[in-house]
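Notes follow the structure.
Coordinate-derived values only; no laboratory data. This one's a predicted model, so the numbers in the text were calculated from it and none came from an experiment. Backbone-built Cβ (ideal geometry, glycine too); neighbour counts: all protein chains shown.
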Amino acid sequence: MTTATKRKPSVRKSATEDEKFVVRFPKGLRPQIAEAAKQAHRSMNAEIISRMGRTLELEDEVFRLQRVIDQLLAANDDPSRPAARAAQEIHA
């Protein structure tokens, strides 16, 4: 006697919802991503998307912090400009 397995109905996404992009990994990277995904309890795809999004956020933050550092260094080079006032202007 065989039992039929029930499958969820297939739900197709429209082409406008997601874009498909094939990526070739350097040797050894795929197992690292697989392990990170396993640790985070998500698919490899979700892990890759999460990490790519976080990288973009961090790049924006690094750029912002570099501007702050540049302004503080410039204020430090100008003896007529108190550093406290320069720091206030950065956060304004």
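Extension gain, E19 to T55, is 11.0 nm, computed as 0.36 nm per intervening residue step minus the present C-alpha separation.
Using the average count of surrounding beta-carbon atoms within 10 Å as a protection proxy, the listed peptides 67-76, 24-33 rank, highest first, as 67-76, 24-33.
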